[in-house]
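Asker: Next up is a structure, given as structure tokens.
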Amino acid sequence: MTTEIYLDGNATTAVLPAAANAALETMCSRFGNPSSSHGAGLQARALLETVRACARRVIGAGHGRLMFNSGATEGIQTAMLSALVALRDRRAAGEAIGRWLVVGATEHKAVPESLAHWNRVLGLDLDIVVLEVGQDGRHDLAQLRRLAPDAGLVCTMAANNETGVTSNLAGIEAALTDSAAYWLVDCVQALGKLGLDLQRTRIDYAPFSGHKLYAPKGIGMLYVRPGAPFTPLMVGGGQESGQRSGTENMSGIAALGEVLAALESGAVFSSQQQLEALRGQLVTSLSAAFPGIVFNAPSALALPTTINFSVPWLSSRELLDLFDAAELSVSTGSACSAAKAEPSFVLRAMALPAWQTEAAIRLSFGPLASEREIAAACARIAHCGHVVRVSAMLPPTRKPVEHIAPLHNVVCFTHDGRSSWLVADVLARSCVLIDVLNGAATPIDRHVRRHGYRIDAMLETRIEAAGLAPRPVGFGDYLLTPVRHGGRHVIYVLTRAGETLIQASHAFIGQIAARDIAPGMVGQDTLLLAATDESGRLATSLRAEHAGQGEEANELSAAMTGGYLEAHPNARLIDVRELHEQLAGQFARSTGERERMAEHVPLSHLASALHDWLAAPETPLVFYCRSGNRSARAAACLRRLGHPAAWSIGGGMAAAADVVRAERAA
Ligand code: PLP
């Protein structure tokens, strides 16, 4: 049983139960091939045509073509091929076809990519022009009017997948009045959310995708206006009246048929008004949870099911992790790698400030969303807001909330593969910062304020002037002693009062390779902490460097973890997610999920805990995090430093949750 609330409907949706049943029945009992002439085949053909007729009514296809295919990406290819082959043939016949292929600046990548692809493959080589959008996300109609007389093809979308902004289709149509251009409108995000009557428009091609509206992945459809040029993308057995060969995906078509029938009945999905009310609740709770929040698209122009926002001071990665820990599935505005969220090209095209484009979060739901579900989502959003307040903006005089990791004294802040370090004497409430980068300044500032530290010094391991002699820095009970390395670098060695350099617990080595550090400058087990950590090693030591510890397997599969923990009752289970994720996760846990007592040491604080763990090699360590990546780095680091039993739970918390579920079901 999952407690996850899914708010990423623009990416994909669950399958409507009636649609899943229809698909199953089609696969198991009514499995005929619609091209066969026996009873089973005829039955399949009847179903195929029933669904097609329903689809025609729902989108207002009139006498246009309507073929089933694998989804919107395929429909887009077919449309591009059809339009561009026609342009090529007309040009070969001596007709003027215009100079431009026009594509909206905020289209889904499938559109510009396939336009460039087919333009090249067909040797058409027309110029591709981007149709700009304004700050409201809508196309620049003045630019379109200028381009229209010389355009061969115009590609726009009905509604944007990142912002939900709906296009002014009537305005675009008016701008194209005297143009001979073909017109493709990507209708993927519009189905079920915007009224469509394609026969009343001059739209030539309209692709759709089933999985954005409760049908399975792998089923879609393409509308082609009567008289618009058409070239099949796939030829072969002549299915779909020769428009799209290949045996039809009958289970997908049956499922899509259920969704279309539900749309047509008007009884299953929420009305526009109801969806707007649900959006209103979400917007209210987001605004209360995150003061200063900015919504990136005007709600009056957007689908009621999509909310795109940015929060000052919080990166999209931080927000994503926070929501994820609260088991709210949302996404960044755009594709995002685990390490770094790329700024959204859609928001950039809208010329929004850089911070908004970099920190955007998209929250989207489908027309099946219930009041209960949205109310539960609002409660979790409120909890996330609370977490942000207590973890990031706690006034210095208040004690941090209990269960936060003890106040460690060596903390790493990474930005773009570079590391800045904070060393604090927790009791004296003073700290020193080393190699602070621009990008790390905000999280460091938050950390310093949260703990009420005084900053005693800001140090650099790279020294600009070769002659300058850095001096030792004392703070609280600690001393950071600079040791020169070549003309331009210095290593800062951390000791407590009365200790010698070789007794040092940590040394900040900046850009210097650990293997270049001479024995005697630091101890064999002094933790060497670098300013660049692109390989994700976290920490090393002279002993580890010389031992050249191989990369041993250090992963416990989720299935093995339970057994391992039972066989090793002294094992320490350590959550290495960052503080805001751990706190947000409390919410999910309070809903009853079984959890073994775990320690909380965020990866950024690992350097503070390493010595304690290394001093107890007989105590196994089992690290976990959200996906398994950070815990794998922690376990590998401990192994490298000589701990014989440091493990990471492979697949992270999701995999661990599966184990719990499987145990329950058994
Ligand atoms: N167009 C839009 C607006 C979309 O949101 C998507 C999917 O994200 C697509 C096209 C591509 O759809 P599919 O991946 O189903 O082919």
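Asker: Quick check for you: with a 1.4 Å probe and neighbouring chains kept, what is the accessible area per residue of region 140-226, in Å²?
Answerer: I get 30 Å² per residue for this part.
Asker: Given axes a ≥ b ≥ c from the Cα gyration tensor, I'd like to know whether region 410-547 is rounded (a/c under 1.5), prolate (a/b larger than b/c) or oblate.
Answerer: It is rounded, given that a/c, with a ≥ b ≥ c, falls under 1.5.
Asker: So if I place +1 on the C-beta of Lys and Arg and -1 on the C-beta of Asp and Glu, and nothing else carries charge, what would the dipole magnitude of region 17-265 be about its Cα centre? I want it in debye, nearest 20.
Answerer: The calculation lands at about 360 debye.
Asker: A further question on this structure: Sort Lys217, Lys212 by accessible area with a 1.4 Å probe, largest first.
Answerer: Most to least solvent-accessible, the answer reads Lys217, Lys212.
Asker: Between Lys217 and Thr284, what is 0.36 nm times their sequence separation minus the Cα-Cα distance? Round to one decimal in nm.
Answerer: Taking 0.36 nm per residue and subtracting the Cα distance, the gain is 20.8 nm.
Asker: Continuing with this model, one more query. Under a plain spin-label model, where a point goes 7 Å from the Cα along Cα-to-Cβ, how far apart in nm are Val426 and Arg496?
Answerer: 1.3
Asker: Residue separation times 0.36 nm, minus the C-alpha to C-alpha distance between Asp8 and Ser370: what's the value?
Answerer: Length gained between Asp8 and Ser370: 128.9 nm.
Asker: Could I ask something else about it? Rounded to the nearest 0.05, what FRET efficiency is calculated for Arg462 and Val130 with R0 set to 41 Å and r the Cβ-Cβ distance?
Answerer: After rounding, the FRET efficiency stands at 0.45.
Asker: Give me the distance between the Cα centres of region 215-238 and region 240-273, rounded to whole Å.
Answerer: 15
Asker: Over the Cα atoms of the chain, what is the Rg over Rh ratio if Rh follows Kirkwood?
Answerer: 1.05
Asker: Before I look further, what does region 410-547 give for accessible area per residue, probe 1.4 Å, in whole square angstrom?
Answerer: 45
Asker: Report the paramagnetic label zone for Leu122: residues of region 146-167 whose backbone N is under 18 Å from a point 7 Å from Cα along the Cα-to-Cβ axis.
Answerer: In region 146-167, the label zone of Leu122 (backbone N under 18 Å from the point 7 Å along Cα→Cβ) covers 150-156.
Asker: May I pose another question? How would Glu464, Glu4, Glu162, Glu173 rank on accessible area, largest to smallest, probe 1.4 Å?
Answerer: Accessible-area ranking of Glu464, Glu4, Glu162, Glu173, largest first: Glu464, Glu4, Glu173, Glu162.
Asker: In whole percent, how big is the carbon plus sulfur part of the accessible area of the chain, probe 1.4 Å, protein atoms only?
Answerer: Here it works out to 54 percent.
Asker: Oh, and also: Calculated FRET efficiency, Ser245 and Ala513, Cβ-Cβ r, R0 60 Å, to nearest 0.05?
Answerer: Taking R0 as 60 Å, the efficiency between Ser245 and Ala513 is 0.50.
Asker: Taking Cα pairs under 8 Å and at least six residues apart, what relative contact order does the chain come out at, in percent?
Answerer: Relative contact order here is 11 percent.
Asker: Distance from the Cα centre of region 616-649 to that of region 148-181, in angstrom?
Answerer: Between the Cα centre of region 616-649 and that of region 148-181, the gap is 54 Å.
Asker: Karplus couplings for region 14-29 from phi (6.51 cos²θ - 1.76 cosθ + 1.60, θ = phi - 60°), rounded to Hz, Gly and Pro as x?
Answerer: 5, 8, 4, x, 5, 6, 5, 4, 5, 5, 5, 4, 5, 6, 8, 10
Asker: Nearest 20 debye, what's the magnitude of the dipole of the chain about its Cα centre given +1 on Lys and Arg Cβ and -1 on Asp and Glu Cβ?
Answerer: It comes to approximately 460 debye.
Asker: Please find the FRET efficiency linking Arg484 to Gln272, where r is the Cβ-Cβ separation and R0 is fixed at 60 Å, and quote it to the nearest 0.05.
Answerer: It comes to 0.30.
Asker: Report, in deg cm²/dmol and to the nearest 500, the calculated mean residue ellipticity at 222 nm for the chain, where each DSSP H run with n ≥ 4 adds -39500 (n - 2.57) and the sum is divided by the residue count.
Answerer: The helix-only estimate for the chain comes to -10500 deg cm²/dmol at 222 nm.
Asker: Order these peptides, 56-69, 494-507, by their mean beta-carbon neighbour count within 10 angstrom, highest first.
Answerer: Ranked from most to least packed, the peptides come out as 56-69, 494-507.
Asker: What's the magnitude of the charge dipole for region 410-547 around its Cα centre, counting Lys and Arg as +1 and Asp and Glu as -1 at the beta-carbon? Answer in Debye, nearest 20.
Answerer: The calculation lands at about 200 debye.
Asker: Sort 371-383, 297-309, 248-260 for me by packing, meaning the mean count of neighbouring Cβ atoms within 10 Å per residue, highest on top.
Answerer: Listed from highest to lowest mean packing, they are 248-260, 297-309, 371-383.
Asker: Here's something else I'd like to know. What length, rounded to one decimal in nm, is gained on full extension from Glu342 through to Tyr564, with 0.36 nm per residue of separation minus their alpha-carbon distance?
Answerer: 76.0 nm
Asker: Right, another one. Which one, His108, Ser29, Ala261, is farthest towards the positive end of the dipole of region 17-265 when Lys and Arg carry +1 and Asp and Glu -1 on their Cβ?
Answerer: Ser29
The values are calculated or read from the model by the stated rules, or taken from the named source; none is laboratory data. None of these values were measured; they are calculated from a predicted model. Cβ sites come from the backbone with ideal geometry, for glycine too, and all protein chains shown count toward neighbours. In case anyone asks, the SASA skips ligands and DNA or RNA and just uses the protein heavy atoms, side chains included. Shrake-Rupley method; radii C 1.70, N 1.55, O 1.52, S 1.80 Å.
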